[in-house]
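If you scroll down you'll find the structure; I have some questions about it.
The values are calculated or read from the model by the stated rules, or taken from the named source; none is laboratory data. None of these values were measured; they are calculated from a predicted model. Using ideal geometry, Cβ is built from the backbone for each residue, glycine included, and neighbour counts are taken over all protein chains shown. For accessibility, only protein heavy atoms count, side chains too; no ligands or nucleic acids. Shrake-Rupley method; radii C 1.70, N 1.55, O 1.52, S 1.80 Å.
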Amino acid sequence: MMDLLSRYTLIHETDQRVMAPEPVREEVLCLVHERRYIELLQSIGKEDTEFSMDMLGAGLGTEDNPAIPGIYDFCSAVTGGTVLGARLIDGGGARMVFNPLGGFHHAGADHAEGFCYINDLAVAIEELTRRGHRVAYIDIDVHFGNGVRDIFAARDDVLCISIHESGLSIYPWSGFVEDIGEGPGEGYTVNIPLLQGSDDAVFLYAFDAVVPPLIDSFRPDIVVATIGADTHRDDPLGHLNLTSMGYERAIRIIDRMSPKLLVAGGGGYNVYKTAALWTLAWAALCGIEPMDAYAGLIGGMMYGPEAQSGTLRDNPYVVSGNLKDQCMEYVRDMVAYLKYNVFPVHGIKGR
Ligand SMILES: [Zn+2]
């Protein structure tokens with residue numbers, strides 16, 4: 001991504017800064033994580049540590065979350081980046097901060113899962129709410145942001161919206177539309193599941209119908225977004241069919257709705273495509289157009305993310321026939337459910 005940003009001259013602006021994160025203090029992690037779990041993470045790789053059932057109970061030492069020496073330091077650096085972003089936005093003069101490495105939205109308060117150990121997003125959101133801010137969380141990663149949802153499900157000061165491939169066909173097998181939060185948080189968890197195969201049109205139909213009205217009425221001070229690129233049709237884990245068109249459009253809507261914006265990368269398992277999409281996202285969020293400084297100079301030589309189409313952007317791709325009908329019908333039901341059950345909580349009249 002950094003290569004592409006410099007190649008497309010997207011990182012030269014005088015109002016941008018590239019900063020290294022400081023590892024976050026343990027006390028900050030404990031804003032959302034249980035101390036016992038943090039201690040287990042810290043013990044990984046220490047000489048006197050033996051693998052224990054406690055670790056396995058906390059999801060550590062599994063296939064998705066191996067007990068890798070140094071994992072605590074890695075997580076504390078990643079979370080430091082997201083928390084630094086929150087602090088730059090709150091009082092540091094920044095309008096938008098992007099931590100591409102952040103976005104570990106599956107980690108729970110007391111356990112690891114789905115490649116995630118520490119929930120950097122939840123830590124940053126919690127810190128922002130303690131500073132008195134209303135925070136809306138928007139998650140467009142292909143996977144349901146279950147970790148963030150669980151941590152804030154019972155609260156009405158954080159609005160959590162996740163649009164994702166349905167749990168019928170992908171991890172974490174949850175995030176259905178009926179889950180709208182708990183207790184005082186009822187109506188503040190919003191899940192928009194999509195059928196596998198859904199393309200830009202299906203995704204944007206749901207996104208447009210649900211997200212802007214909720215953000216308009218919730219009036220967040222700060223939006224925190226996870227922009228995983230695993231919704232792309234070339235992603236090897238997800239089963240959606242988005243192109244750069246749908247992805248970029250969602251990024252632009254998020255940008256327009258957000259007074260201030262903290263962005264984390266999240267997933268993306270086609271590494272070249274992910275780098276290209278995050279580069280496009282950065283350009284959109286900064287309001288600049290990617291300019292290939294070398295276009296025409298290298299004689300058509302293409303590499304990595306550009307090998308397919310010759311640009312950062314994809315050719316159009318549209319799903320049709322039966323599959324498209326099924327995806328559209330499903331998503332219309334989801335939107336109708338949310339308009340009926342969630343919009344009234346926010347005083348939004350049916351549209
Ligand atoms: Zn993902």
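Tell me whether the range 216-235 contains one or more residues that are farther than 24 Å from Thr311 by Cα, open to solvent by less than 10 Å² (accessible area, probe 1.4 Å) and in a helix (DSSP H, G or I).
Yes, the conditions are met somewhere in the range 216-235.
For the range 37-46, check the following and say yes or no: at least one residue is surrounded by 12 or more Cβ atoms within 10 Å (Cβ to Cβ) and farther than 28 Å from Gly85 by Cα. Steps first, answer last, please.
Let us first name the residues in the range 37-46 that are surrounded by 12 or more Cβ atoms within 10 Å (Cβ to Cβ), namely 37-45.
Next cut, farther than 28 Å from Gly85 by Cα only: 45.
Checking the range 37-46: at least one residue is surrounded by 12 or more Cβ atoms within 10 Å (Cβ to Cβ) and farther than 28 Å from Gly85 by Cα.
Restricting attention to the range 275-295, which residues are open to solvent by 10 Å² or more (accessible area, probe 1.4 Å) and within 16 Å of the ligand (Cβ to nearest atom)?
Passing the criteria: Ala275, Trp278.
When Ser76 is evaluated against the numbered criteria (1) buried (at least 20 other Cβ atoms within 10 Å of the Cβ); (2) within 16 Å of the ligand (Cβ to nearest atom), which criterion, by number, is the only one it fails?
(2)
Is there a residue in the range 251-260 that is surrounded by fewer than 22 Cβ atoms within 10 Å (Cβ to Cβ), in contact (Cβ under 8 Å) with a residue 40 or more places away in the chain, farther than 16 Å from Ala283 by Cα and within 10 Å of the ligand (Cβ to nearest atom)?
Checked against the condition, which is being surrounded by fewer than 22 Cβ atoms within 10 Å (Cβ to Cβ), in contact (Cβ under 8 Å) with a residue 40 or more places away in the chain, farther than 16 Å from Ala283 by Cα and within 10 Å of the ligand (Cβ to nearest atom), the range 251-260 yields no hits at all.
Could you tell me which of the residues Tyr117, Tyr137, Tyr171 is within 20 Å of Glu39 (Cα to Cα) and within 16 Å of the ligand (Cβ to nearest atom)? Working first, answer last.
Details: Tyr137 fails: within 20 Å of Glu39 (Cα to Cα); Tyr171 fails: within 20 Å of Glu39 (Cα to Cα).
So the residue among Tyr117, Tyr137, Tyr171 that is within 20 Å of Glu39 (Cα to Cα) and within 16 Å of the ligand (Cβ to nearest atom) is Tyr117.
Could you count how many residues in the range 140-153 are of a type in the set (Gly, Ala, Ser) and within 16 Å of the ligand (Cβ to nearest atom)?
First, the residues of the range 140-153 that are of a type in the set (Gly, Ala, Ser): 145, 147, 153.
Right, trim to within 16 Å of the ligand (Cβ to nearest atom) and you get 145, 147.
The qualifying residues number 2.
Could I ask something else about it? When the range 47-67 is examined, which residues are found to be open to solvent by less than 80 Å² (accessible area, probe 1.4 Å) and among the aliphatic types (A, V, I, L, M)? Full working, then the answer.
Let us first name the residues in the range 47-67 that are open to solvent by less than 80 Å² (accessible area, probe 1.4 Å), namely 49, 52, 55-62, 64-67.
Within the range 47-67, Met55, Leu56, Ala58, Leu60, Ala67 qualify.
Counting only residues that are open to solvent by 30 Å² or more (accessible area, probe 1.4 Å) and without any contact (Cβ under 8 Å) to a residue 40 or more places away in the chain, which one in the range 161-187 is nearest to Pro220 (Cα to Cα)? Let's see the steps before the verdict.
Initially, the range 161-187 is screened for residues open to solvent by 30 Å² or more (accessible area, probe 1.4 Å), giving 168, 171, 173-174, 176, 178-179, 182-184, 186.
Then drop every residue that is not without any contact (Cβ under 8 Å) to a residue 40 or more places away in the chain, which leaves 168, 173-174, 176, 179, 182-184.
Values: Leu168: 31, Trp173: 29, Ser174: 26, Phe176: 24, Asp179: 22, Glu182: 20, Gly183: 21, Pro184: 18 Å.
Across the range 161-187, the extreme among qualifying residues is Pro184.
Then there's this: May I ask you to say which residue of Val158, Val123, Val190, Val142 is crowded, with 24+ Cβ neighbours inside 10 Å and out of contact with any strand residue (DSSP E or B) (no Cβ under 6 Å at 6 or more places or on another chain)? First the steps, then the outcome.
Details: Val158 fails: out of contact with any strand residue (DSSP E or B) (no Cβ under 6 Å at 6 or more places or on another chain); Val190 fails: out of contact with any strand residue (DSSP E or B) (no Cβ under 6 Å at 6 or more places or on another chain); Val142 fails: out of contact with any strand residue (DSSP E or B) (no Cβ under 6 Å at 6 or more places or on another chain).
Val123 is the lone residue from the list that is crowded, with 24+ Cβ neighbours inside 10 Å and out of contact with any strand residue (DSSP E or B) (no Cβ under 6 Å at 6 or more places or on another chain).
Say whether the condition of being at pLDDT below 95 and in contact with a helix residue (DSSP H, G or I) (Cβ under 7 Å, 6 or more places away or on another chain) is met by at least one residue in the range 277-291.
yes
Out of Ser198, Ser244, which single residue is open to solvent by less than 10 Å² (accessible area, probe 1.4 Å), within 16 Å of the ligand (Cβ to nearest atom) and either among the polar types (S, T, N, Q) or under 25 Å from Leu101 (Cα atoms) (or both)? Even if it seems obvious, please write down each step before you answer.
Details: Ser244 fails: within 16 Å of the ligand (Cβ to nearest atom).
None of the others qualify; the one that does is Ser198.
When you look at Tyr340, is it over 30 Å from Pro259 (Cβ atoms) and either modelled with pLDDT of 95 or more or open to solvent by 70 Å² or more (accessible area, probe 1.4 Å) (or both), yes or no?
On the way: over 30 Å from Pro259 (Cβ atoms): no; either modelled with pLDDT of 95 or more or open to solvent by 70 Å² or more (accessible area, probe 1.4 Å) (or both): yes.
Spelling it out, it is not the case that Tyr340 is over 30 Å from Pro259 (Cβ atoms) and either modelled with pLDDT of 95 or more or open to solvent by 70 Å² or more (accessible area, probe 1.4 Å) (or both).
Hey, any hits in the range 319-337 for a residue that's surrounded by 14 or more Cβ atoms within 10 Å (Cβ to Cβ) and at pLDDT below 65? So that I can check it myself, show each step before the final result.
Pass one, the range 319-337, residues surrounded by 14 or more Cβ atoms within 10 Å (Cβ to Cβ): 319, 323-324, 326-328, 330-332, 334-335, 337.
Checking which are at pLDDT below 65 leaves us with none.
No: zero hits.
Here's a follow-up. Identify the single condition in (1) in a strand (DSSP E or B); (2) closer than 19 Å to Trp278 by Cβ; (3) open to solvent by less than 10 Å² (accessible area, probe 1.4 Å); (4) more than 15 Å from the ligand (Cβ to nearest atom) that Val97 does not satisfy, given that it satisfies every other one.
(3)
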